[in-house]
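The values are calculated or read from the model by the stated rules, or taken from the named source; none is laboratory data. In this text the structure is predicted, and so the values were computed from the model without any measurement. Note that each Cβ is placed from the backbone with ideal geometry, even for glycine, and that neighbours are counted across all protein chains shown.
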Amino acid sequence: MRLNLKNVTALIVDRDPYVRGLVAQMLRGFGVSTVMVADNGVQAKEILAHNSPEITFIEGELPDMPAAELIGWVRRNPNKALRFLPIIVLSGYTQLHLISVARDAGAHLVVRKPVSPKILFERLVWVAAFDRPFLESPAYAGPDRRFRAADPPDGKLKRQTDQPQPAIQQA
C-alpha cells in the first residue's frame, strides 16, 4: 500500500535520544515532512499546546509521568482537533497489563520496541486505513476499543494469548 505522508507532522515523545532519532529517521524515510521531538510529558504538552501534529508516538514509560496520563490529557483537551490525534505507544514492555493501560487511556495501538521500519510503516497504514469511531464518556475518551474483527496489519497474531487456548480436560 502507498501512503502519502508528505504534509504530515509527527511528534515523538521518548526519553531516549537514540530512539527518538531512529524513529524520526524512519518517519522521514516514509516521507513525513516535519518531526517534532520531546523527551518527557511536560515537553510534549508544551509542544501540543502550540502545534497540531497528525500522529504522535509516545514511549510507554515517560520519565516524568505515566504515558496514560499524557494520553488522557490529549483525549480530554479542550482543543477538539487534538482530542482525535492518533497515538501509537512504543514500549519495550508489552505485557497484557501495560497494553491494557495504554489502550484504556485512549491509545490507538501499542508497538513493541525495538521497532523495525516495516512494522512502523504497517502500523501507520493500519491507523490510517481503519478509521475507528471516537467515544467519549466519563470513564473513557478515545478510539473505539472494539475492533477485534480487524486482523493485525500483517495478518499474523503475535502473542501467545492471541491463539485459541485448548479446553482443560478433567479426569
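Could you please give the count of residues in the stretch 103-127 that are part of a helix (DSSP H, G or I), under 23 Å from Met26 (Cα atoms) and under 12 Å from the mean Cα position of the chain (by Cα)?
Going through the stretch 103-127 one residue at a time, the tally reaches 5.
Looking at Leu22, Leu11, Leu124, which is the one that is buried (at least 18 other Cβ atoms within 10 Å of the Cβ) and at pLDDT below 95?
On the way: Leu22 fails: at pLDDT below 95; Leu11 fails: at pLDDT below 95.
On inspection, the qualifying residue turns out to be Leu124.
Say we look at the stretch 25-49 and pick out the residues that are among the hydrophobic types (A, V, I, L, M, F, W, C), assigned to a helix (DSSP H, G or I) and touching a strand residue (DSSP E or B) at 6+ places or on another chain (Cβ under 8 Å); which of these is surrounded by the fewest Cβ atoms within 10 Å (Cβ to Cβ)?
Ile47
Within the stretch 63-92, track down each residue that is out of contact with any helix residue (DSSP H, G or I) (no Cβ under 7 Å at 6 or more places or on another chain) and small (Gly, Ala, Ser).
Listed by number, the residues that qualify are Ala81, Gly92.
List every residue pair whose Cβ atoms lie under 9 Å apart, where the two residues are 6 or more positions apart in sequence or sit on different chains, the first residue falls within the stretch 25-43 and is touching a residue at least 24 places away in the same chain (Cβ under 8 Å), and the second residue, located anywhere, is polar (S, T, N, Q) and surrounded by 20 or more Cβ atoms within 10 Å (Cβ to Cβ).
Partner pairs satisfying both residue conditions: none exist.
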